Amino acid sequence: MESCPSIKNILLLDSEGKRVAVKYYCDDWPTNNAKETFEKAVFTKTQKTNARTEAEIAMFENNIVVYKFVQDLHFFVTGGEDENELILATVLQGFFDAVGLLLRSNVDKKEALENLDLILLCLDEIIDGGIVLETDANVIAGKVASHGLDSGAPLSEQTISQALATAREHLARSLLK
């Protein structure tokens, strides 16, 4: 009998291989030290590749790792050696695109750290206990955005207030220059 596709972890690392956001869904790495060692090893193995336009796939320690880079962020999705690479790549693309939507296409480490709560909610919407729940970036971003809404404010007003906040930030930056 076939089982559901299972994800072992999702990693979001910076350009030095340090954690930005990570989530583990299995006990293959029981200690925090083992997890950090795995992250560093995966980063070291993949850092010289050019995975900026399309996702790349690598076999690493009997795991399939699908990864993609954008600016100073490295996105990784890990599955078992028997896992379907296309499913892993779809999960990666869903995560990658949802983060892009949530960060308004300004995907870099600084913006990711400032919006870490949204990225962690994004991970929770994509995977639950290693089982894939959603891969459509628009649905994921919509669910994450709805978590942050004020219960009394409709979505359209929230979007306007977010736009005003963004405009205020840009104005403040231009005045400080």
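The values are calculated or read from the model by the stated rules, or taken from the named source; none is laboratory data. Since the structure is predicted, the reported quantities are computational estimates derived from the model, not experimental observations. Backbone-built Cβ (ideal geometry, glycine too); neighbour counts: all protein chains shown. To get the accessible areas, we keep the full protein, side chains included, count just its heavy atoms, and leave off ligands, DNA and RNA. Shrake-Rupley method; radii C 1.70, N 1.55, O 1.52, S 1.80 Å.
Counting only residues that are open to solvent by 30 Å² or more (accessible area, probe 1.4 Å) and assigned to a loop (DSSP other than H, G, I, E, B), region 16-29 holds 6 of them. What residue, among those in region 1-15 that are assigned to a loop (DSSP other than H, G, I, E, B) and in contact with a helix residue (DSSP H, G or I) (Cβ under 9 Å, 6 or more places away or on another chain), is least open to solvent (accessible area, probe 1.4 Å)? Here the answer is 5. In region 20-31, the residues that are in contact (Cβ under 8 Å) with a residue 40 or more places away in the chain form Cβ pairs under 6 Å with partners that are acidic (Asp, Glu), at six or more places apart or across chains, as follows: 20/14. Please specify each residue of region 32-74 satisfying the condition of being aromatic (Phe, Trp, Tyr) and over 17 Å from the mean Cα position of the chain (by Cα). Matches in region 32-74: 38, 60.
Residue-by-condition table, conditions (1) surrounded by 13 or more Cβ atoms within 10 Å (Cβ to Cβ); (2) out of contact with any strand residue (DSSP E or B) (no Cβ under 9 Å at 6 or more places or on another chain); (3) at pLDDT below 85; (4) more than 19 Å from residue 15 (Cα to Cα):
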| residue | (1), (2), (3), (4) |
| --- | --- |
| 38 | yes, no, no, no |
| 56 | yes, no, no, no |
| 81 | no, no, no, yes |
| 87 | yes, no, no, yes |
| 91 | yes, no, no, yes |
| 107 | yes, no, yes, no |
| 140 | yes, yes, yes, yes |
| 150 | no, yes, yes, yes |
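Only a single criterion out of (1) among the β-branched types (Val, Ile, Thr); (2) over 20 Å from residue 132 (Cα atoms); (3) in contact (Cβ under 8 Å) with a residue 60 or more places away in the chain is not satisfied by residue 70, namely (3). Selection of strands (runs of 3 or more DSSP E) fully inside region 30-80 by the criterion of at least 1 residues being in contact with an Asp or Glu (Cβ under 7 Å, 6 or more places away or on another chain) and under 21 Å from residue 105 (Cβ atoms) returns 63-70, 73-80.
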